[in-house]
Amino acid sequence: MAKKDPTVEKTVQKILKEIPRELLELFYSEKLPEKLVQICSVCRIEKEEAEKIAFQIGKVLMGGLAPEKLLDALKKEAKLPSITAIKLFQEIDKQIFSSVRESLDKLYKKRPSFAKASEGKKEIEEAPEKEKEVLEKITKKEDIYREPIE
């Protein structure tokens, strides 16, 4: 059996003490993978990308990646198109992070900027031309159920 390095063990214990209990419980719970499978099926994410997404969510919950940087990580690490990454990010925020928002705020010492309008507009500007139309339709705030007045 390999000998444990006391320095590494102390470092890990120190990191784990800084992470709020609620985040650790979610990280180790059975609900997290269930929710992730559900989110990935809604967003039509393949298994290979789902594993990369799970890793990024784990980094957020363990303090290794700020929640506001998750969208960029999804695009870069999971190599997702902008539209898919935005939809996925919104679902992760709604179904996973919303239940532990206060704990995430404590861990990162500030309120993460999830889905701000300015960020949405920035995403539209950065998206490739083909994706711009779809993104504009998604983020458009016009009420489509109102009938025109003649």
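Laboratory data are not the source of any read-out in this text; all were calculated from the coordinates shown. This is a predicted model, so every value here is computed, not measured. Positions of Cβ are generated from backbone atoms using ideal geometry, with glycine treated the same way; all protein chains shown enter the neighbour counts.
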Please give the net charge around Cys40, taking every other residue with its beta carbon less than 12 angstrom from that of Cys40, where Lys and Arg add +1 and Asp and Glu add -1. -1
Give me Thr84, Thr7 sorted ascending by neighbouring Cβ count inside 10 Å, so fewest comes first. Thr7, Thr84
Please compute the modelled spin-label separation between Lys106 and Arg44, points set 7 Å along Cα→Cβ, answer in nm with one decimal. 4.1 nm
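Starting from the Cα gyration tensor of segment 20-113, multiply each eigenvalue by 5, take the square root, and state the resulting semi-axes largest first in whole Å.
In descending order the semi-axes read 20, 15, 11 Å.
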Cross-link pairs Lys4/Lys52; Lys4/Lys109; Lys52/Lys94; Lys47/Lys69 - those with Cα-Cα distance over 27 Å: Lys4/Lys52; Lys4/Lys109
